[in-house]
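Following: one structure in C-alpha cells, then a few remarks.
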Amino acid sequence: MPAKTIRNRTDLAINGAPPAFEKPIHVGQPNIGDREEFLRRIGQILDNRWLTNNGPMVQEFEQRVANYLGVKHCVAMCNGTIALEIAIRALGLSGEVIVPSWTFVATAHALYWQGITPVFADIDPVTHNLDPDAVRRMITPRTTGIIGVHLWGRAAPIDELQAIADEHNLRLMFDAAHAFGSTYHGQKIGRFGECEVFSFHATKAFNTMEGGAVVTDNDELAETMRLMRNFGFKGYDNVIHPGTNGKMIEACAAMGLTNLDAFDHVVAINRRNHEGYSEAIADIPGISVLDYGRTEANSHHYIVAEVNNGDPTLRDRIIQALHAENILARRYFWPGSHGMKPYRDLYPHADLLLPATTAVSSRVIVLPSGTGLPNGCVETVAAVFQLLADGAV
C-alpha cells in the first residue's frame, strides 16, 4: 500500500473512520498446528477417560520436550507462573532474590506471592537482559538467589550470572518463558542454572493453550517438583510433601504435542516476518528493529522496535496510530515491574538504580507476528512509522 494512501488512511482512522484491518491484529496471536491431529488426540483422551492427573498425553509431552531440549526432566505444569512458584519453593529461595525489572511482572510476583522480596537489577540497554555488574551491586546478606530472564528469547548472560552465583553461594534459575527453541553457545535453553522455567501460554511461539514446565537435570529437584504440583502425594493416600495443584491437563498436552510437530514451521514464518519488518523499517531515522543475530537460534516470536529519535512522545503516538488501524502493538513491559503495584510503593525511587530499564521502557514497541499475520500488516506498520517519524501525521 503506498505511503500516501496509508497517510490518508491513518488520518481517517485516528479521526474515527474504520481501520485498515477489519479484525484486530494482536501481539501473540496463537499459533495452531494441525487441527485434525489435535482433534485426533482429543478423541483419544476422551476414549481413555483420563483427563488430568498425569495422564499418558502429559507423560508423552514431558518426554518429547525433555528430548527436544536435551534435558533429563520436564515437569509439566498448568501454567508458567505456577511453574515459577514451584521452582522457587523447591529451590528453597527466601529473603531476597535478584531479578530484572524489565520482564513480565509474573517473574516478580512469583517471588512476592511467597513472601520473598524481589530485588530489581538493571539491564544491558543493547540486549535488554540482566547486566551482571548491576546484579553484583544488588547483592546483600539476605540474597539467596538470582532469576535470570532470557528476554525476547535471547539468552541472558548465563556464564557471568553462574560465576556470580558460585562466588556468593547463591541459587541460580532462569525464567525461559520467551526462549523455547533458543540456544546459548549452540546448546538449547533449558540446560542452564539449577532449572529453567518455560511458559506455554497461548501467546507464546510454542503453546499448549495454557501451560508451563520446569526443566532440569537434577533428579532430586525434579522429584520434589512432581510432588509439589500434586499436593505432595506419593501414591494413594500418602502425602509426603507440602504441595498445590499445578498439574497440566491432558487437553493442553495434546495441543502441545500438536504444536511441537509444527514448531519449525512457526519459527520459519516468524523469521520471515522479522526480516520483513527489519527491511521495511531499516531506513527510518531513529527507529530500529532488535536483531537477534545469526549465531544462535531464536523463535523470532518477538518483533521489538525501538523508537529513539529524541522525541519522547513519538513511541506512544505511533502505538495510537497503529491501534487506530487495528494493529494492536504493545509497550512491553512498560513501565517495568518496578513501576507496577506493589513494587512502585516498595521502591519509589527505583528509577535511580535502573536507568537503562527506564530508558528502554520508554522506547520499545512490540509488533504482531506469528502464523496468523495478515498480508499488508508489515507494510502498514512501516508506513505508519515513517509518516509519524516524518511528522506527517
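Considering the stretch 63-96 alone, what residues qualify as being assigned to a helix (DSSP H, G or I) and more than 26 Å from TYR302 (Cβ to Cβ)? Selection gives GLN63, ARG89, ALA90.
Any idea which of ALA108, ALA87 is small (Gly, Ala, Ser) and closer than 15 Å to VAL215 by Cβ?
That would be ALA87, the only listed residue that is small (Gly, Ala, Ser) and closer than 15 Å to VAL215 by Cβ.
Here MET209 qualifies as closer than 17 Å to PHE61 by Cα, assigned by TED's automatic domain parsing to the domain that holds LEU93, more than 13 Å from the chain's Cα centre (by Cα) and touching a residue at least 24 places away in the same chain (Cβ under 8 Å). Residues of the stretch 246-286 that are in contact with a strand residue (DSSP E or B) (Cβ under 7 Å, 6 or more places away or on another chain), closer than 26 Å to THR81 by Cβ and either surrounded by fewer than 23 Cβ atoms within 10 Å (Cβ to Cβ) or charged (D, E, K, R) (or both): LYS247 alone. The number of residues in the stretch 40-62 being of a type in the set (S, T, N, Q) and in a helix (DSSP H, G or I) comes to 3. Tell me yes or no: at least one residue of the stretch 352-360 is touching a strand residue (DSSP E or B) at 6+ places or on another chain (Cβ under 6 Å), in the same structural domain as ARG317 (by TED's automatic domain parsing) and either assigned to a helix (DSSP H, G or I) or among the charged types (D, E, K, R) (or both). Yes, the stretch 352-360 has at least one match. Filtering GLY145, GLY115 for residues that are in contact (Cβ under 8 Å) with a residue 40 or more places away in the chain and assigned by TED's automatic domain parsing to the domain that holds MET248 leaves a single hit, GLY145.
Taking the listed residues ASP311, ASP291, the one that is of a type outside the set (Gly, Ala, Ser) and either over 19 Å from the mean Cα position of the chain (by Cα) or in a helix (DSSP H, G or I) (or both) is ASP311, with no other qualifying. Among the residues making up the stretch 153-178, those that are of a type in the set (Gly, Ala, Ser) and touching a residue at least 60 places away in the same chain (Cβ under 8 Å) are GLY153, ALA155, ALA177.
Identification of helices (runs of 4 or more DSSP H) wholly contained in the stretch 97-183 with 3 or more residues that are under 24 Å from GLY256 (Cα atoms) yields 106-112. Mind listing whichever residues of the stretch 317-343 are in contact with a Ser or Thr (Cβ under 9 Å, 6 or more places away or on another chain), in a helix (DSSP H, G or I) and surrounded by fewer than 18 Cβ atoms within 10 Å (Cβ to Cβ)? Correct list: empty.
With respect to (1) small (Gly, Ala, Ser); (2) modelled with pLDDT under 95; (3) within 22 Å of the chain's Cα centre (by Cα), the lone exception for SER299 is condition (2). The condition (being touching an Asp or Glu at 6+ places or on another chain (Cβ under 6 Å) and either modelled with pLDDT under 95 or of a type in the set (Phe, Trp, Tyr) (or both)) is satisfied by just one residue among PHE180, PHE192, PHE174, PHE206: PHE174.
The values are calculated or read from the model by the stated rules, or taken from the named source; none is laboratory data. Computed from a predicted structure; not experimentally measured. Note: ideal-geometry Cβ built from the backbone for every residue, glycine included; neighbour counts use all protein chains shown.
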